[in-house]
Amino acid sequence: MDKADILLHIENIKKQLSLGQASLMVGAGFSLNADRKNSATPLPPDWNKLSDAFIQELYGAFSEEYQKRMRQSKNVLQLAQEYDSTFLRSKLNILVQSLTRDTELFPNELYKKMLNLQWHDVFTTNYDTLLERAALQIVDRNYTTIYNCKDLALSESPRIIKLHGSLHSESTHLIISEEDYRTYPSEYAPFVNTVQQAIMENTLCLIGFSGTDPNFLNWAGWVRDHLEKSMS
């Protein structure tokens, strides 16, 4: 894609934003922009760091060569599933929380600039609370944060919709294991339907995802399966 194509897409997004017909989906990569409490605070974990943490907990007693084979043979969702089966789900949540260090991360000016745009809705697969904390600092946009499917019915846009759970609330389930992803379309049908509607009715912008991100692959796969090729 050359510069002219990129500018054309940007102008289209700008137009759709002005019409209130653009939504945003934010992935884990965007959290790397957050301010940290100090230099000792680690950046939020990506999928590779999560995989390494699961392997260390599950196979730390084995040789480095064996751990290397596990990294090569199992993806992060499979490792999370094995961790969930080996330990309690509460321990899985604690591990993710300890790696994320949410209370030592802070939304900065970039977050505020992004949320000041006229998004119809903002979806996120992130567990951290950076977006919702940034929203509290926005004067011209009144965002409602949705943590559970049951809260969708009475909500109005603009919303920040936490598709995969949040470290904010113990009542939400973190979507991280293979089984979580398998059952997601049925267990979280209202969330899936809301994203589907946004895809079909609005311009959907994705930020903070890599091409191998399980979340990106999951939603992109749905688009290919349910929309005509030209639309997807």
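At a glance:
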item	result
Subset of segment 70-91 that is more than 22 Å from Glu170 (Cα to Cα) and of a type in the set (Lys, Arg) - its residue that is most open to solvent (accessible area, probe 1.4 Å)	Arg71
Failed criterion for Ala134 (all others in (1) in a helix (DSSP H, G or I); (2) open to solvent by 10 Å² or more (accessible area, probe 1.4 Å); (3) without any contact (Cβ under 8 Å) to a residue 60 or more places away in the chain hold)	(2)
Residue list for segment 144-175, restricted to those being outside any helix (DSSP H, G or I), touching a helix residue (DSSP H, G or I) at 6+ places or on another chain (Cβ under 6 Å) and open to solvent by 10 Å² or more (accessible area, probe 1.4 Å)	Thr145, Leu152, Leu167
Check on Gln21, under 21 Å from Ile176 (Cα atoms) and of a type outside the set (Ser, Thr, Tyr)	no
Total residues in segment 39-69, condition surrounded by 14 or more Cβ atoms within 10 Å (Cβ to Cβ), among the hydroxyl-bearing types (Ser, Thr, Tyr) and more than 20 Å from Phe87 (Cα to Cα)	1
Those residues of segment 193-232 which are surrounded by fewer than 18 Cβ atoms within 10 Å (Cβ to Cβ), β-branched (Val, Ile, Thr) and at pLDDT below 90, in sequence order	Thr212, Val223
Test: residue in segment 176-192 that is in contact with a Ser or Thr (Cβ under 6 Å, 6 or more places away or on another chain) and either assigned to a helix (DSSP H, G or I) or within 25 Å of Leu50 (Cα to Cα) (or both)	no
Flag if Leu95 is under 18 Å from Asp180 (Cβ atoms), assigned to a helix (DSSP H, G or I) and within 17 Å of the chain's Cα centre (by Cα)	no
All positions within segment 16-65 that are among the small types (Gly, Ala, Ser) and in a strand (DSSP E or B)	Ala22, Ser23
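The values are calculated or read from the model by the stated rules, or taken from the named source; none is laboratory data. Owing to the predicted nature of the structure, the values given are computational and were not obtained by experimental measurement. Cβ: placed from backbone, ideal geometry, glycine included. Neighbour counts: every protein chain shown. When the accessible area is computed, the model is the full protein with side chains, heavy atoms only, and any ligands, DNA or RNA have been set aside. Shrake-Rupley method; radii C 1.70, N 1.55, O 1.52, S 1.80 Å.
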